[in-house]
Amino acid sequence: MALVNEHYLKLPGNYLFSDIAKKINTFKVTHPGKRLIRLGIGDVTRPLPQACITAMHKAVDEMSKAETFHGYGPEQGYDFLIEAILKNDFASRGISLSPTEIFINDGAKSDTGNIGEVLRWDNSMGVTDPIYPVYIDSNVMCGRSGELGEDGKWSNVTYLPCTAENHFIPQIPDRRIDIIYLCYPNNPTGTTLTKAELKKWVDYALANDTLIFFDAAYEAYIREDDVPHSIYEIKGAKRCAIEFRSFSKTAGFTGVRCGYTVVPKELTAATLDGERVSVNKLWNRRQCTKFNGTSYITQRGAEAIYTAEGKAQVKATIDYYMENARIMREGLQSAGFKVYGGVNAPYIWLKTPDNTGSWRFFEQLLYEVNVVGTPGVGFGPSGEGYLRLTAFGEREDCIEAMRRIRMWI
Ligand SMILES: *Cc1c(COP(=O)(O)O)cnc(C)c1O
């Protein structure tokens, strides 16, 4: 008899987005002919940069001839991509990393979900709340999160609330935690930490021997000077942080699948006996055993993001989304809503009026103005009373949604 991993059974039955899909379907059946505007999508909509398309076509042609064919590549990724990353994402910001500290992957979800494998199941963990659900759910699966309580919180997870009351700046815990997940610019709130605020976390981690998992999937959306693009801009971070990057939101790679993880050589974790072990070594071992690399074609496509044309095309797309964000942010503000985010991230975090519950406000928007958002509570208990809107839609839809909302108020 094969026994199941019963931790999986603790995961709440429905994923947020399938609940939303059901509600949308009900609406469509009962209101045929109404045009819905979807501002809830967490997926990009603009096509790939032309530079990536050209590079991928070329790579496909190489695969067609025995002389230039590529089979298995290095599990850690090809040097051409790693070199482009080191030069453009780090050296340009004064961060020096070595090629063996970069692990190319098939997207940040895989690695943010898998990284916990190299750590004991009984580490304590903390997350900012609300949060990208992968961080907690992947820990539930190995038993690290504990049990789900009535309040929607897992018993072994420390929640660090981020709300309007604390200006979305999580308070440094008053005790030590083994692993902390930070995501900046943040999904879902669209807010950021300044360099000084992030430094407090690095200092906490160094003082408490805490490991920080830093998700920088939205780094390319940063507009303001004082917002760090990488946690390694902060002194000492190489000794306490792993950083996750993704080409998904940067360059429209959500369907192509490519990202990378930085595991500095200086980073160590302890055995029960107190011996220090290189996390880079463990992660390399894990990847070599369970991962056979991202496709050559994909990595050639990713490399092209760093060419002059690639950079210009990526910038144009991000400018498009960020203009959407501006239109939505200003539109909602002028309609009297309190909104956060949308300045260094493609997400707008809207406070519901009169403390309306997230799901109730979601349904009001759906039924009264036919606009779809994402209920904030779906991202964690502190998301209650908020709704997330994304800037990944069409310009015309953003404008029309704001028109409908203004007329409704
Ligand atoms: C979209 C997103 C990612 C990227 O996931 P991929 O697997 O690279 O597509 C990672 N973290 C957060 C917070 C995200 O929103």
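Points to keep in mind about this one:
- Residue match in the range 62-72 (condition: small (Gly, Ala, Ser), more than 16 Å from the ligand (Cβ to nearest atom) and touching a Gly at 6+ places or on another chain (Cβ under 6 Å)): no
- Filtered residues of the range 225-250 (kept if outside any strand (DSSP E or B) and of a type in the set (S, T, N, Q)): 230, 248, 250
Conditions (1) touching a Phe, Trp or Tyr at 6+ places or on another chain (Cβ under 6 Å); (2) within 16 Å of the ligand (Cβ to nearest atom); (3) not assigned by TED's automatic domain parsing to the domain that holds residue 285, marked per residue:
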residue: 28; (1), (2), (3): no, no, yes
residue: 34; (1), (2), (3): no, no, yes
residue: 37; (1), (2), (3): no, no, yes
residue: 57; (1), (2), (3): no, no, no
residue: 78; (1), (2), (3): no, no, no
residue: 81; (1), (2), (3): no, yes, no
residue: 116; (1), (2), (3): no, yes, no
residue: 124; (1), (2), (3): no, no, no
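- Matching option when the condition is at negative phi, within 16 Å of the ligand (Cβ to nearest atom) and either out of contact with any Gly (no Cβ under 8 Å at 6 or more places or on another chain) or open to solvent by 60 Å² or more (accessible area, probe 1.4 Å) (or both), among 89, 111, 106, 129: 89
- Residue identified as more than 30 Å from residue 400 (Cβ to Cβ) and small (Gly, Ala, Ser) among 293, 255, 331: 293
- Test: residue in the range 151-159 that is assigned by TED's automatic domain parsing to the domain that holds residue 270, closer than 27 Å to residue 234 by Cα and either within 16 Å of the ligand (Cβ to nearest atom) or surrounded by 18 or more Cβ atoms within 10 Å (Cβ to Cβ) (or both): yes
- Filter pass, residue 203 being among the acidic types (Asp, Glu), more than 30 Å from residue 86 (Cα to Cα) and open to solvent by 10 Å² or more (accessible area, probe 1.4 Å): no
- Yes/no for residue 312 being more than 20 Å from the chain's Cα centre (by Cα), within 22 Å of residue 225 (Cα to Cα) and among the hydrophobic types (A, V, I, L, M, F, W, C): yes
- When residues in the range 1-14 are screened for being within 24 Å of the chain's Cα centre (by Cα), outside any helix (DSSP H, G or I) and in contact (Cβ under 8 Å) with a residue 40 or more places away in the chain, 2 of them pass.
- Against the criterion of being within 12 Å of the ligand (Cβ to nearest atom) and at positive phi, residue 143 does not qualify.
- Against the conditions (1) over 30 Å from residue 289 (Cβ atoms); (2) out of contact with any Gly (no Cβ under 7 Å at 6 or more places or on another chain), residue 51 satisfies every one except (2).
- Scope the range 225-249; condition open to solvent by 20 Å² or more (accessible area, probe 1.4 Å) and within 16 Å of the ligand (Cβ to nearest atom); matching residues: 229, 249
- Only residues that are over 16 Å from residue 382 (Cβ atoms) and either among the hydroxyl-bearing types (Ser, Thr, Tyr) or modelled with pLDDT under 95 (or both) were counted in the range 151-171, giving 1.
- Of all residue pairs spaced 6 or more apart or on separate chains, those with beta-carbon atoms under 7 Å, a first member in the range 239-252 that is touching a residue at least 60 places away in the same chain (Cβ under 8 Å) and a second member that is more than 7 Å from the ligand (Cβ to nearest atom) and of a type in the set (Lys, Arg) are 252/46.
- Residue tally, condition open to solvent by 30 Å² or more (accessible area, probe 1.4 Å) and of a type in the set (A, V, I, L, M, F, W, C), over the range 160-177: 2
- Residue in the range 19-52 that is nearest to the chain's Cα centre (by Cα), counting only those that are without any contact (Cβ under 8 Å) to a residue 40 or more places away in the chain and assigned to a helix (DSSP H, G or I): 21
- Applying the condition of being within 28 Å of residue 275 (Cα to Cα) and out of contact with any strand residue (DSSP E or B) (no Cβ under 8 Å at 6 or more places or on another chain) to the range 205-224 and asking which residue is farthest from the ligand (Cβ to nearest atom) yields 207.
- Matching residues, the range 251-289, being within 16 Å of the ligand (Cβ to nearest atom) and either open to solvent by less than 50 Å² (accessible area, probe 1.4 Å) or assigned to a helix (DSSP H, G or I) (or both): 251, 252, 253, 254, 256, 258, 259, 260, 261, 262, 287
The values are calculated or read from the model by the stated rules, or taken from the named source; none is laboratory data. Source: prediction; values computed, not measured. Cβ coordinates were reconstructed from backbone atoms using ideal geometry, including for glycine residues, and neighbour counts include every protein chain displayed. We work out accessible area using only protein heavy atoms, side chains counted, and drop any ligands, DNA or RNA first. Shrake-Rupley method; radii C 1.70, N 1.55, O 1.52, S 1.80 Å.
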